[in-house]
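The values are calculated or read from the model by the stated rules, or taken from the named source; none is laboratory data. Just so you know, these numbers come straight off a predicted model, no measurement behind them. Please note: Cβ atoms are built from the backbone with ideal geometry, for glycine as well, and neighbour counts cover all protein chains shown. Protein only, heavy atoms only, side chains kept; ligands, DNA and RNA dropped before computing areas. Shrake-Rupley method; radii C 1.70, N 1.55, O 1.52, S 1.80 Å.
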Amino acid sequence: MKKSALPKLALPLALALSWALFSCSSTASAIATNDRSVPLYGMVYDDDNSPVAGAEVLIDGKAKTKSDVNGRFVLTALKFGQYAVVVKKDYFEPARLDLDYSSATQVLYVKLVSEEELLAAADKDIAAREWAKADDHVARALALKRDDPAALFLSAVIACRRGDSPDAAGAAAGTVGAAAGAGVSAGTGAAAGAAAGAGTGTAVGAAAARTILEKLLAADYREPAVYLFLTDILQYKYADAAGAAERLKEYLELRYDPDAEARLQALLGK
């Protein structure tokens, strides 16, 4: 027998049903009066509808509880009324909402957006050449995790690629997509293909990107994608074959890549 898969869009309904065992005693008497105190049940989830554990729930500025491993929380003995609710967790944007608590059947659903989700959104923005949106998503990610290498790498891509043709921007997304997930680690094929020509952005943008990438290396963040991107900028934007060759050598110390080996030989004139 096939198992039925519950669509992600049905999550709030599924969560409401999951609370039935906990809240059935409260639902029997759900008429609101201002002096009643009953538990309020809630759920914290991310943009993928996955539960967020350990999120802190504040009511009128006071910490009350945290979400459990399933993203659920209970505010016990909460009187009916209006409240300012804040839900927060490190590396997630805090959620702020006004709660009008008037029924014991209420369930509070709270969505948090993570830094990782912001970087994934920036990746899509770059592919679509929506530069303002990409800038916004990266800025929000850096506000959550200052000097995050993946976010800084994306900012370098945006600076260099702004103004790209559709083909160049689409290729750049391959590098960005690989880099945004786990510490600017781009697949060889995606990075090499995306970086060819370093896009058609401005010289000012290329200079800004170069500065960002060199700062990443100075901070000892030595990922292959950083070296390869610098190689592209030096070769195609600055016509600096010697500098590009040096960066490509450093890239090859970290990753075996026959195509890059051939490219290096061409840069060295061999």
Inset, instruction - Starting from the stretch 85-101, keep only residues that are under 17 Å from Val52 (Cα atoms) and in a strand (DSSP E or B), then list their pairs with residues that are small (Gly, Ala, Ser) and open to solvent by 40 Å² or more (accessible area, probe 1.4 Å) whose Cβ atoms are within a distance under 9 Å, requiring at least 6 positions of separation or different chains. - result: Val86/Gly61; Glu93/Ala143; Arg96/Ala84
Inset, instruction - Determine if the stretch 112-132 includes at least one residue that is buried (at least 17 other Cβ atoms within 10 Å of the Cβ) and in contact with a Ser or Thr (Cβ under 8 Å, 6 or more places away or on another chain). - result: no
Legend entry - Which numbered condition Cys160 misses (of (1) of a type outside the set (D, E, K, R); (2) more than 20 Å from the chain's Cα centre (by Cα); (3) not in a helix (DSSP H, G or I)): (3)
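Quick check on Asp98: is it open to solvent by less than 80 Å² (accessible area, probe 1.4 Å) and either modelled with pLDDT of 95 or more or not small (Gly, Ala, Ser) (or both)?
Values: open to solvent by less than 80 Å² (accessible area, probe 1.4 Å): no; either modelled with pLDDT of 95 or more or not small (Gly, Ala, Ser) (or both): yes.
Against the criterion (open to solvent by less than 80 Å² (accessible area, probe 1.4 Å) and either modelled with pLDDT of 95 or more or not small (Gly, Ala, Ser) (or both)), Asp98 does not qualify.
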Inset, instruction - Kindly provide the set of residues from the stretch 134-147 that are open to solvent by 70 Å² or more (accessible area, probe 1.4 Å) and either under 30 Å from Phe73 (Cα atoms) or modelled with pLDDT of 95 or more (or both), ordered by number. - result: Asp136, Arg140, Ala143, Lys145, Arg146
